[in-house]
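The values are calculated or read from the model by the stated rules, or taken from the named source; none is laboratory data. On a predicted model such as this, the values are computed, not experimentally measured, just so you know. All Cβ positions, glycine included, derive from the backbone under ideal geometry; neighbour counts span all protein chains shown.
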Amino acid sequence: MIDGVLLLDKPLGLSSTAAGLRVRRLLGATKAGHVGSLDPLATGMLPICLGEATKLAGEILDGDKVYQFRIRLGRRTSTGDVEGEVVATAAVPPLERGAVEAVLRSFLGESQQVPPMYSAIKQAGQPLYKLARAGVTVERKPRAIRIQRLDLLTLEPDALELRVECGKGTYVRVLAEDIATALGTVGHVDLLRRQSVQPFTAERMVTLEALQAALDSKTELPLIAPAEAVGHLPAVNLAADAARRLQQGQIVSVAEGAASPAGVADAAGEITVRVLGPEGRFLGLGRLCAPGRLAAKRLVAQPLSE
């Protein structure tokens, strides 16, 4: 059994689905799923959850992400990137660094973003990109997004290279088009790399070639254990009896203050926590549904010897 998260450095030209399938086949994992799709033209961090770690994908998906990308100004494409056809052109006005940085600051904070047609979002059960390929455009509801940082790295007469730290659901292609519009022109993404997905860092990424080399040499696989993958969540420790009852589907009582105050409540007022049993054994995810009351959220299978 292989359980853990692999931080794949996805290569250019490979879809996220194909990358996840390749990793699953290489490792012989029974279950695998990638977190946060990357377009084929994008490279960088693609977390792939294996085995029991697939139950934790939702918590990883919610994490902030950092991208480095380049906007090629003067041409807008049907897909928002280099894979689409040019659908509009416009002159690029002279750009001065201070003015560009002022425009970028206007994108900081929370806002609404309309998802692109070329996306995996489903409408009436059909992925939008399939409708787009058939020449069909439908109305999409705006979604709330959050931009934490947006830094100008390089400035050229017809291109900007930027780094953005953003919340979940942000489409960099749409952000690039909106920035180009704010600068008085049009544009598209011609380079995109995801540098990190919270809580992971770039140093732990591994290429397909490095993964194959580890398998060939029979060295330790560069997997992040499920417990570590959600190590950013507050922890609740349970005694053996409470752990057993939680695994049976019961709501259990926990000591007041057992969860760190760093926990963030969701819309229902519940806090997601990682649950530890005797000797610090990772049981999975729980939810504090009331003060001192803990319910199971997603528990992981335990070794048969346990």
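When you scan the stretch 214-258, how many residues do you find that are β-branched (Val, Ile, Thr) and closer than 15 Å to residue 294 by Cβ?
The total comes to 4.
Would it be correct to say that residue 151 is closer than 21 Å to residue 111 by Cα, in the same structural domain as residue 105 (by TED's automatic domain parsing) and either modelled with pLDDT under 95 or in contact with a Leu (Cβ under 7 Å, 6 or more places away or on another chain) (or both)?
Here the answer is yes, as residue 151 does meet what is asked.
Restricting to the stretch 188-236, give me the number of residues that are at negative phi and not in a helix (DSSP H, G or I).
Count: 31.
Regarding the stretch 259-273, can at least one residue be identified that is closer than 29 Å to residue 8 by Cα, among the charged types (D, E, K, R) and either at pLDDT 90 or above or in a loop (DSSP other than H, G, I, E, B) (or both)?
no
Given the structure, is residue 133 of a type in the set (Lys, Arg) and modelled with pLDDT of 95 or more?
no
Tally the residues that are touching a strand residue (DSSP E or B) at 6+ places or on another chain (Cβ under 7 Å), in a helix (DSSP H, G or I) and of a type in the set (Lys, Arg), restricting the search to the stretch 2-37.
Number satisfying all stated conditions: 1.
Residue by residue through the stretch 54-110, note down the ones that are of a type in the set (A, V, I, L, M) and at positive phi.
none
When you go through (1) out of contact with any Phe, Trp or Tyr (no Cβ under 7 Å at 6 or more places or on another chain); (2) touching a residue at least 12 places away in the same chain (Cβ under 8 Å); (3) not small (Gly, Ala, Ser) one by one for residue 87, which number turns out not to apply?
(2)
When you look at residue 96, is it acidic (Asp, Glu), surrounded by 12 or more Cβ atoms within 10 Å (Cβ to Cβ) and either outside the structural domain of residue 40 (by TED's automatic domain parsing) or closer than 14 Å to residue 189 by Cα (or both), yes or no?
No, not satisfied.
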